[in-house]
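Let me begin by presenting the structure, written as structure tokens, before commenting on it.
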Amino acid sequence: MKTRLVLTTALLSATALPAFSEGVLNIYNFGLYTPPDLIEKFEKTYDVKVTVTEYDSNETAIAKIEAGGHGFDIVVPSASVVPIYIEKGLLLKSDPNTMENFKNVAPEWASVAWDPDRSYTVPWVWGTTGIMVNKDVYAGDINTSAIFLDPPEELKGKINVVPSMNDVIDLAIMYVGGQPCTTDKEVLKAARDKLVAAKPHWASIDYASFEKFINEDLQASVFWSGASIRIRAENSGFTYGFPKEGFLKWQDNVAILADAQNVDNARLFLNFIMDPENAALISNYTGYGNGISGSEAFMTADLLAAPEMTIPADFASVARFQETCPPETQELYSRIWTDLTK
């Protein structure tokens, strides 16, 4: 779901881990992504003091971790960057597939392309990247990336685009008829030109606060399904669209870092979030699905009924699971992003 930085750092191997430090766990996670009630329950259950530090993107997280000296035990990388974490030796092979609660992982998430047999990661949440629009302001079709790439008059100057390179470029590539991770330079040029031409009609390229939408300072955004649910709960005018040209499906995952100080407690946490009741706490807070069978029984009725949670049948065929692009493609994406954001 995000871009990646390529750096090099010597790391401790899984067989040379630091000593376990009793009663502490340090989590590194995306902002507004860690339910306080989940943490409180874990702390009371295991008498472990949890500290949560937040980041805004996969790029920020991997750079911090590769720099070393961070003190974190757990990170929550998107599926598209998990192979990079593994290749660089940043994750502990913790074998969550042997943990007691792994039996609760839904079959479709039990063995995945980015982590076959789940040797490193467990599901946190899954969702989609699409378009959120205030239908009280714009009554046209919102199931299209034209909202930000060929903006209608009603929305010009009121559109936000999240600064998530791969999400934005992938949507643009699909809008011009290509597929994510393409190496076709003509397609990439068409996507780049479309983005650059559209930018003057945007208000911002930002991780905009929810309040800016709730207060209607912004009226549309490239956005994520769960975040859209949370905004719609405060302003019912906002609706989430699934671009008919193609949109992204993704999963964020929990993993133990290779240089974790509190490995035993981190293992407890991985097993803990694979319990259906605890997975539901994550979904109820974030607005996303979680990949744990049986969690639905503990999820709120409003969340289960939310239209953002179910990909409409008419658009299911154009959903693309976000993958790790080859380095040469990622370099081309970076050039496009530099042109767009300079």
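Within the range 34-47, does at least one residue satisfy the condition of being open to solvent by 20 Å² or more (accessible area, probe 1.4 Å), modelled with pLDDT under 95 and over 16 Å from LEU268 (Cβ atoms)?
No, the range 34-47 contains no residue that is open to solvent by 20 Å² or more (accessible area, probe 1.4 Å), modelled with pLDDT under 95 and over 16 Å from LEU268 (Cβ atoms).
Across the range 111-128, what is the total count of residues that are open to solvent by 20 Å² or more (accessible area, probe 1.4 Å) and either without any contact (Cβ under 8 Å) to a residue 12 or more places away in the chain or in a strand (DSSP E or B) (or both)?
Residues that pass the stated criteria total 3.
Filter the range 145-173 down to the residues that are among the aliphatic types (A, V, I, L, M) and either without any contact (Cβ under 8 Å) to a residue 12 or more places away in the chain or part of a loop (DSSP other than H, G, I, E, B) (or both) and list them by number. Reasoning before the result, please.
Initial filter on the range 145-173 (among the aliphatic types (A, V, I, L, M)): 146-147, 149, 155, 159, 161-162, 165, 168-169, 171-173.
Within the range 145-173, just VAL162 meets the criteria.
How many residues does the range 235-282 contain that are open to solvent by less than 10 Å² (accessible area, probe 1.4 Å) and of a type in the set (Val, Ile, Thr)?
The number of residues fulfilling the criteria is 4.
For the range 88-106, give me each residue that is of a type outside the set (A, V, I, L, M) and in contact with a Gly (Cβ under 7 Å, 6 or more places away or on another chain).
ASN104
Working only within the range 205-227, note down all residues that are small (Gly, Ala, Ser) and under 21 Å from TRP337 (Cα atoms).
Those that are small (Gly, Ala, Ser) and under 21 Å from TRP337 (Cα atoms): ALA208, ALA220, SER221.
Residues are listed down the side, and each one gets a yes or a no for (1) open to solvent by 30 Å² or more (accessible area, probe 1.4 Å); (2) at pLDDT 95 or above:
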{"position": "ALA14", "(1), (2)": "yes, no"}
{"position": "TYR55", "(1), (2)": "no, yes"}
{"position": "GLY71", "(1), (2)": "yes, yes"}
{"position": "VAL76", "(1), (2)": "no, yes"}
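So for the range 292-299 (the condition being open to solvent by 10 Å² or more (accessible area, probe 1.4 Å), of a type in the set (A, V, I, L, M) and either assigned to a loop (DSSP other than H, G, I, E, B) or out of contact with any Pro (no Cβ under 6 Å at 6 or more places or on another chain) (or both)), does at least one residue qualify? Can you show your working first?
Filtering the range 292-299 for residues open to solvent by 10 Å² or more (accessible area, probe 1.4 Å) gives 293-294, 296-299.
The next check asks that each one be of a type in the set (A, V, I, L, M); those that pass are 297, 299.
Remaining after also requiring either assigned to a loop (DSSP other than H, G, I, E, B) or out of contact with any Pro (no Cβ under 6 Å at 6 or more places or on another chain) (or both): 297, 299.
Looking through the range 292-299, at least one residue is open to solvent by 10 Å² or more (accessible area, probe 1.4 Å), of a type in the set (A, V, I, L, M) and either assigned to a loop (DSSP other than H, G, I, E, B) or out of contact with any Pro (no Cβ under 6 Å at 6 or more places or on another chain) (or both).
Looking at (1) closer than 21 Å to ARG192 by Cβ; (2) open to solvent by 80 Å² or more (accessible area, probe 1.4 Å), which is the only condition CYS325 fails?
(2)
If you check VAL196, VAL187, which single one turns out to be in a helix (DSSP H, G or I), among the β-branched types (Val, Ile, Thr) and without any contact (Cβ under 8 Å) to a residue 60 or more places away in the chain? Write out each step before concluding.
Numbers: VAL196 fails: without any contact (Cβ under 8 Å) to a residue 60 or more places away in the chain.
Just one listed residue meets the conditions, VAL187.
The values are calculated or read from the model by the stated rules, or taken from the named source; none is laboratory data. Nothing here was measured: the structure is a model prediction, and the numbers come from that model. Every residue, glycine among them, receives a Cβ derived from its backbone with ideal geometry; neighbour counts consider all protein chains shown. Note: accessible area is taken over every heavy atom of the protein model, side chains too, but ligands, DNA and RNA are not part of it. Shrake-Rupley method; radii C 1.70, N 1.55, O 1.52, S 1.80 Å.
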